[in-house]
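Below is one structure; the comments refer to it alone.
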Amino acid sequence: MPFDDLAQMRAEMLMRQDPNVYDDGASQLGMNPYMQQVGLFGKGKPKPVAPPIDIQRRSILGLKPQEPMPANLPAVRSSDVPVPSAVPVPQAPTQPIPEPTQPAPLTQLANKALNAPISRREVLKKAGQVALNQALPTPKVADVVPEIVSPLTKAAESAFVQNPIIDEYFSDYVSNMFSEAAANEPLAATTSMYTFIRDYLDGRVPEKELKKYDKLHDRAQKYYDDDDEYSDRATDVQSKLEDFIHDKLKLLKPDELYEANSNLHEEGASPEELFDYITETRGGQGLEDDSIVGKKAFIDYMNKALKWDE
């Protein structure tokens, strides 16, 4: 039957309830139409409902009908799960071990000889051999191998080494002899001595300086040929050329000095005679002193310089 309002509907429902059911009055709390029914923790959110599967739409899109899931799935046991294998750890590349280098054959023999065991008898034998060698005179290498050592020894002994002390004595002597000759024959001695030493000066005197004195020598020679050696012009040229000769005589070697002096005086003195000539001059004092030079040292030196002892 229709109800006019909610109150009548409620009264009807109350009449139909079982009177034996205990009611503590809580049922009356939610019957007020103006009260909102809520739970203890508020109204819960509705669970999302999956939309129904449209089979026709799946067929239109070319999809097959979805097979229903089985009701009972088999249980998964821990023994059925495969245990993952250990991840291999990358190892550093192994360095090749260098093979030990074999020593040379001679080194192997030497090491073998050094490391070889030695008996007491051999130690005493070697000690006696050392004592015997010290007592006996040691032969020279030249006596054992004369064909090898003799030429080397001879070459070493024949090697000439200049002696600056003897060179200075000899240079002063030749310079003094040239001064005496130039005092008697100015142009003749000067032009002649310049000619004798000119070839020795190449490479020892600058070329520009040599060309200058070559011209002076030509002028002095012309004055001499014209018998004009005592004119002022000739004297000036001769004086300059003479000073140049005195200065450059110091650059000559002993054998070159000897040749220039012999050509100037047209005589060739032996080393013994030359020693006597030098000691008799004013600049030769001290040459005979053995602590300075001595006669024997001078003669040996000049023989080697002139190659007269070969």
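What about E256, is it acidic (D, E) and in contact (Cβ under 8 Å) with a residue 24 or more places away in the chain? For E256, the condition - acidic (D, E) and in contact (Cβ under 8 Å) with a residue 24 or more places away in the chain - is met.
Going by the structure shown, is K296 of a type in the set (K, R), surrounded by 16 or more Cβ atoms within 10 Å (Cβ to Cβ) and part of a helix (DSSP H, G or I)?
On the way: of a type in the set (K, R): yes; surrounded by 16 or more Cβ atoms within 10 Å (Cβ to Cβ): no; part of a helix (DSSP H, G or I): yes.
For K296, the condition - of a type in the set (K, R), surrounded by 16 or more Cβ atoms within 10 Å (Cβ to Cβ) and part of a helix (DSSP H, G or I) - is not met.
Contact annotation: residue pairs with Cβ atoms under 8 Å, 6 or more positions apart or on different chains, pairing a residue in the range 216-232 that is without any contact (Cβ under 8 Å) to a residue 60 or more places away in the chain with a partner that is surrounded by 11 or more Cβ atoms within 10 Å (Cβ to Cβ) and outside any helix (DSSP H, G or I), are Y223/E229; Y223/S231.
Residues that are in contact with a Ser or Thr (Cβ under 9 Å, 6 or more places away or on another chain) and touching a residue at least 12 places away in the same chain (Cβ under 8 Å) within the range 266-287 comprise G283, L287, listed in sequence order.
So, S192, is that one of a type in the set (G, A, S), out of contact with any strand residue (DSSP E or B) (no Cβ under 9 Å at 6 or more places or on another chain) and without any contact (Cβ under 8 Å) to a residue 24 or more places away in the chain or not? No; evaluated as a whole, the condition is false for this residue.
Here, each number is a calculation from the coordinates, and none is a lab measurement. Since the model is a prediction, treat every value here as computed from it, not as a measurement. Every residue, glycine as well, gets a Cβ built from its backbone with ideal geometry; the counts of neighbours run over all protein chains shown.
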